[in-house]
Amino acid sequence: MTDSTLANQPRPASAPVPSAALSRDDVSAIDDLRANYKNLRAELAKVIIGQDVVIERLLICILARGHGLLMGVPGLAKTTIVNCLAQAMSLEFNRIQFTPDLMPSDITGTDILQETDQPGRRAFVFVKGPLFANIILADEINRTPPKTQSALLEAMQEHRVTVAGRFFPLPAPFFVLATQNPIEQEGTYPLPEAQLDRFMFFIHVDYPSSAEEGRIARETTGAAPAQLSKLIDGPQIIGFQEVVQRVPVPDHIYDMAVKLVRRTRPRAEQAPEWIKKWVTWGAGPRAVQYLIRGAKARAVLHGSYLVRKEDLESVAGPVLTHRILTNFQAQSEGVGSSDIITRLLTEMGEEQRG
């Protein structure tokens, strides 16, 4: 199936049948999720033109309880996509513009001194910051100092914030989408590899096609944007996340995920010689987890009751792109991490066919 498959299309005869590992309620929930996916895409199409792959990968992140790092030049509707998703899902959305002077308390919240009911007495009251929402757009995360980046990353990992030694849980579901501008790097604080690893997906937003850009010119410069309907809500999303966790994975898919990740490491025995030539550092065990979780979410979005090979291959790029560090020789030869992932998948496919 392609990324534009609609939920009401009949499932091909070759598609996996419901697995005995899933209950009847789980099977029904997967069918319901796929129907909601079709409706959600149709609703977003009222405002968003194109970017189908980006929208699907954002949904995969949400269903797999991950976070996304979005890379694209300005003006590609990154903020609009996230805002529209939040509207259609009945989720609270906050956008945080990261700047060099942004402090951790500016995003987590802080204690302020307020009058109490008793005359003459005052007490500190915690005022929540913009992190207390379901979907957070962290715009240009590399423009803020490491201390503020760390406050955001703690929220991503722990689903809570720490203020003056006290813990405050964040609402569920909680999803962070961070953006980076690929063309302005002066005066920025690039995320180190250990922090990049906290993001499930690296999502590249490309320019629209010629036909899509023509539609943008015609349809978005006239009347006011359409109002989006609220199709699902937070509790439903949490229920779908739990169903995704229970999707069965065949043993050969687990083996494939482990083999793929281990081959990205230049010091591993399984690594091809060309990996040792071009790669300084490969993906860690968290990549295996995200490959499986992402493949589960993609499988249910496409109406499957178990994970297939094409599901794993589809999420390999966004999971591994920011986890493979190429060396100077690769950069001088014009070889990027996406080229390496494509070659690894091609070689593994040839081995299976051989």
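Of the residues that make up the range 176-194, is at least one under 25 Å from GLN87 (Cα atoms), of a type in the set (Ser, Thr, Tyr) and in a strand (DSSP E or B)?
Looking through the range 176-194, at least one residue is under 25 Å from GLN87 (Cα atoms), of a type in the set (Ser, Thr, Tyr) and in a strand (DSSP E or B).
Determine whether ALA295 is in a helix (DSSP H, G or I), in contact with a strand residue (DSSP E or B) (Cβ under 8 Å, 6 or more places away or on another chain) and among the hydrophobic types (A, V, I, L, M, F, W, C).
Answer is no for this residue.
Checking THR280 against (1) farther than 21 Å from GLU347 by Cα; (2) not in a helix (DSSP H, G or I), which single condition isn't satisfied?
(1)
Is there a residue being crowded, with 19+ Cβ neighbours inside 10 Å and in contact with a Gly (Cβ under 9 Å, 6 or more places away or on another chain) anywhere in the range 41-55?
Yes, that holds for at least one residue.
Being farther than 30 Å from PRO74 by Cβ, among the β-branched types (Val, Ile, Thr) and not in a strand (DSSP E or B) is the filter here; which residues of the range 88-125 pass it?
Once the filter is applied, which keeps residues that are farther than 30 Å from PRO74 by Cβ, among the β-branched types (Val, Ile, Thr) and not in a strand (DSSP E or B), the range 88-125 yields only THR116.
Any idea how many residues of the range 300-349 are among the acidic types (Asp, Glu) and crowded, with 21+ Cβ neighbours inside 10 Å?
1
Those residues that are among the aliphatic types (A, V, I, L, M), in contact with a Phe, Trp or Tyr (Cβ under 8 Å, 6 or more places away or on another chain) and buried (at least 20 other Cβ atoms within 10 Å of the Cβ), I need them from the range 96-154; list them, please.
ALA133, ILE135, ILE136, LEU137, ALA138, ILE141
Do we have GLU158 as without any contact (Cβ under 8 Å) to a residue 24 or more places away in the chain and not assigned by TED's automatic domain parsing to the domain that holds ASP206 here?
The answer is no for GLU158.
I need a count of the residues in the range 130-154 that are modelled with pLDDT under 90 and either among the aromatic types (Phe, Trp, Tyr) or outside any strand (DSSP E or B) (or both).
15
Run down LEU58, LEU70 and say which single residue is touching a Ser or Thr at 6+ places or on another chain (Cβ under 6 Å) and not polar (S, T, N, Q).
Residue meeting the stated conditions: LEU70.
So for the range 306-321 (the condition being closer than 25 Å to VAL53 by Cα, acidic (Asp, Glu) and in contact with a helix residue (DSSP H, G or I) (Cβ under 8 Å, 6 or more places away or on another chain)), does at least one residue qualify?
Taking every residue of the range 306-321 in turn, at least one turns out to be closer than 25 Å to VAL53 by Cα, acidic (Asp, Glu) and in contact with a helix residue (DSSP H, G or I) (Cβ under 8 Å, 6 or more places away or on another chain).
Kindly provide the set of residues from the range 230-272 that are surrounded by 20 or more Cβ atoms within 10 Å (Cβ to Cβ) and in a helix (DSSP H, G or I), ordered by number.
Answer for the range 230-272, where residues must be surrounded by 20 or more Cβ atoms within 10 Å (Cβ to Cβ) and in a helix (DSSP H, G or I): ILE237, PHE240, VAL243, VAL244, ILE253, MET256, ALA257, LEU260, VAL261.
The values are calculated or read from the model by the stated rules, or taken from the named source; none is laboratory data. As the structure is a computational prediction, the values presented were derived from the model and not from experiment. When we count neighbours, we look across all protein chains shown, and the Cβ atoms used for this are built from the backbone with ideal geometry, even at glycine.
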